[in-house]
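See structure below.
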Amino acid sequence: MSSTPQGSIADHKQILQPAGWAAPRGYANGVAATGRQVFVAGQIGWNAQCQFESDDFIAQVRQSLINIKAVLAEAGATPAHITRMTWYLLDKREYLARGREVGQAYREVLGHEYQIAMSAVQVAGLMEDRAKVEIEVTAVIP
């Protein structure tokens, strides 16, 4: 892992995969990174004016990811700098049933960056009644 600020994105992240463990699909078991930390608060599926354009789960996932990307850009970061992501879901069954669509929205907005330590939890409710998902991230800029 490089500690120089000029290093490439790949140089600042080390994927933590214990020997003998099955490889995770779509995420990393752990990530170590060096650089400036960026903490993005939980983003929900409303637009920049705090208005929901849809009650559809996938539309809200997509908008949450768009919001994350916009906040990262304010710090000079890109999705490739994300090291940790936590998903708060109202309905884990919908998340699992629509996994392909979740993956498609993820790739369309954030690209093919999967070297991220991820967690997903089902919650009883979110602060905004119409919200179906909230996603927070930590990024590290080399």
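The values are calculated or read from the model by the stated rules, or taken from the named source; none is laboratory data. Because the structure is predicted, anything quoted here is derived from the model rather than measured. Every residue, glycine as well, gets a Cβ built from its backbone with ideal geometry; the counts of neighbours run over all protein chains shown.
Output the residue which, of all residues in segment 35-88 that are free of Cβ contacts under 8 Å to residues at least 12 places away in the same chain and acidic (Asp, Glu), is surrounded by the most Cβ atoms within 10 Å (Cβ to Cβ).
Result: ASP56.
Just to verify a result, which residue in segment 111-142, among those that are small (Gly, Ala, Ser) and within 17 Å of LEU65 (Cα to Cα), is surrounded by the most Cβ atoms within 10 Å (Cβ to Cβ)?
Applying the filter and picking the extreme gives ALA139.
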Give the residue that is nearest to the chain's Cα centre (by Cα), with candidates limited to residues of segment 103-142 that are within 18 Å of GLU53 (Cβ to Cβ) and of a type in the set (A, V, I, L, M). ILE135
How many residues, within segment 17-34, are surrounded by 12 or more Cβ atoms within 10 Å (Cβ to Cβ) and within 18 Å of the chain's Cα centre (by Cα)? 8
Looking at (1) basic (Lys, Arg); (2) modelled with pLDDT of 95 or more; (3) within 15 Å of THR138 (Cα to Cα), find the lone condition where LYS13 falls short. (2)
Among the residues of segment 103-113, write down those that are in contact with a helix residue (DSSP H, G or I) (Cβ under 6 Å, 6 or more places away or on another chain) and either on the phi > 0 side of the Ramachandran plot or at pLDDT 95 or above (or both). ALA105, VAL109, LEU110, GLY111
Let me spell it out: the conditions are (1) in a strand (DSSP E or B); (2) at pLDDT below 95, and GLY26 meets all of them except one. Which number is the exception? (1)
